[in-house]
Amino acid sequence: MIRILLRLVAPLLGALLAGGCAAPEPAALSRDAFATALARALPFAVGVYGVARAEPAVEGSAQGDAERGTPVLPHARVGAGFMIDNEGHLVTAAHVVTDTDDVIVKLADQRVLAATVVGADAELDIALLRIASPGPVAPPLGRSAALRPGHWVLSVGEPYGLNRSVAAGIVGGTDRHFSDDPELLYLQTDIALNPGNSGGPLVDVSGQIVGMNMRTVVGAYGTPGVSLSIPIEIVLAIAAELRSGGGISRPRLGADFDDVSPQQAIASGRGTTQGSRVTAVRRGSLAERMGLRPDDVVVAMNQRPIGSSADLARSLLAWRDTAGTRLVVLRGGSVLTLKLD
């Protein structure tokens with residue numbers, strides 16, 4: 001079964017790592033287009049509750065409730081998730097279920113079930129859960145690689161505990177990368193994501209699940225920022241690894257990196273922003289062993305050209321064997337090849 005799942009995921013992840021493909025021209029949306037799409041996806045969206053033991057009573061509040069006979073409920077983190085097969089496997093944001101005593105899942109039909117955490121990747125914030133309730137059909141999993149800026153998308157989640165709330169927006173960009181998430185790419189949208197949306201599905205106008213909603217980047221003055229979702233291809237690939245062994249075997253480079261800014265390109269005398277600039281190297285990491293330094297600009301990894309930080313993130317997501325790894329970097333006015341044997 002694991003091999004079958006990996007065979008299904010491989011073409012999807014391959015399309016993403018190859019840079020995606022052109023999407024068909026969008027048809028005009030009817031009045032019921034969103035409702036029709038949601039009717040297809042909503043049965044597979046769930047609420048996820050990471051339950052911790054009751055916190056110590058605060059004088060005059062919980063203690064008073066107990067004296068009055070009101071039960072003191074355990075503390076719970078509220079998030080969302082979605083099914084990825086018809087065998088009871090679902091995914092959510094790892095931070096929703098990390099350091100909890102129990103995990104509860106609320107299904108579309110209002111049933112509440114205990115869930116088992118199969119595994120979690122804390123760095124990518126993806127967790128795989130399982131419930132003892134196989135579904136009758138497989139969920140409609142799509143391809144984020146077919147999205148492009150301007151396409152309509154929908155989110156489903158539990159913002160502030162509001163059950164199965166829906167919001168709509170458009171894709172603002174793809175292949176977004178941030179230096180504090182070294183090995184991860186995002187889809188950018190203008191959907192309003194709030195606490196409780198983490199882990200929920202991002203749905204396209206055909207009703208296919210194309211990503212996992214994660215967070216909103218808020219502006220400096222509290223203004224609404226961009227919202228970020230992990231592409232479904234990455235979610236499924238990580239889920240397949242977690243399912244096979246409960247952990248992630250992918251090497252960690254141990255370096256932060258970002259795009260080369262126009263100012264940095266001019267200052268270096270290159271006149272181009274191509275490449276990915278290293279911003280930090282952690283002690284004891286593979287990056288340190290290779291001799292990578294802050295301000296190095298990576299232009300190739302294992303003979304694959306690196307045109308941006310998103311290209312480097314793709315290469316690291318596909319990286320499995322450290323032996324023979326080669327990075328071509330620009331340092332000052334020199335071109336260096338760093339090796340890991």
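The values are calculated or read from the model by the stated rules, or taken from the named source; none is laboratory data. Computed from a prediction, not measured in an experiment: that's the story for all the values here. All Cβ positions, even for glycine, are placed from backbone atoms using ideal geometry, and neighbour counts span all protein chains on display. Quick note on the areas: whole protein, heavy atoms, side chains included, nothing else; ligands and nucleic acids left out. Shrake-Rupley method; radii C 1.70, N 1.55, O 1.52, S 1.80 Å.
Quick notes on this one:
- Applying the set (1) at pLDDT below 95; (2) open to solvent by less than 30 Å² (accessible area, probe 1.4 Å); (3) among the β-branched types (Val, Ile, Thr); (4) outside any helix (DSSP H, G or I) to ILE230 leaves exactly one unmet item: (1).
- Filter result for THR322 (in contact (Cβ under 8 Å) with a residue 60 or more places away in the chain and either open to solvent by 70 Å² or more (accessible area, probe 1.4 Å) or closer than 16 Å to LEU340 by Cα (or both)): yes
- Applying the criterion of being open to solvent by 70 Å² or more (accessible area, probe 1.4 Å) and more than 29 Å from the chain's Cα centre (by Cα) to the residues of the range 325-341, the residue that is farthest from VAL278 (Cα to Cα) is ASP341.
- Top-ranked residue in the range 26-68 [being within 30 Å of HIS151 (Cβ to Cβ) and among the basic types (Lys, Arg); ranked as modelled with the highest pLDDT]: ARG40
- If you go through the range 85-114 and keep only what is under 22 Å from ASN163 (Cα atoms), assigned to a loop (DSSP other than H, G, I, E, B) and open to solvent by less than 50 Å² (accessible area, probe 1.4 Å), you end up with GLY88, ALA93, THR100, LEU107, ALA108.
- The residue pairs whose first member lies in the range 280-299 and is without any contact (Cβ under 8 Å) to a residue 12 or more places away in the chain, whose second member is among the aromatic types (Phe, Trp, Tyr) and crowded, with 18+ Cβ neighbours inside 10 Å, and whose beta carbons are closer than 8 Å, counting only pairs six or more residues apart or on different chains, do not exist in this structure.
- Strands (runs of 3 or more DSSP E) fully within the range 115-224 counting 1 or more residues that are polar (S, T, N, Q) and either under 29 Å from SER308 (Cβ atoms) or in contact with a Leu (Cβ under 9 Å, 6 or more places away or on another chain) (or both): 152-157, 165-176, 186-189, 209-217
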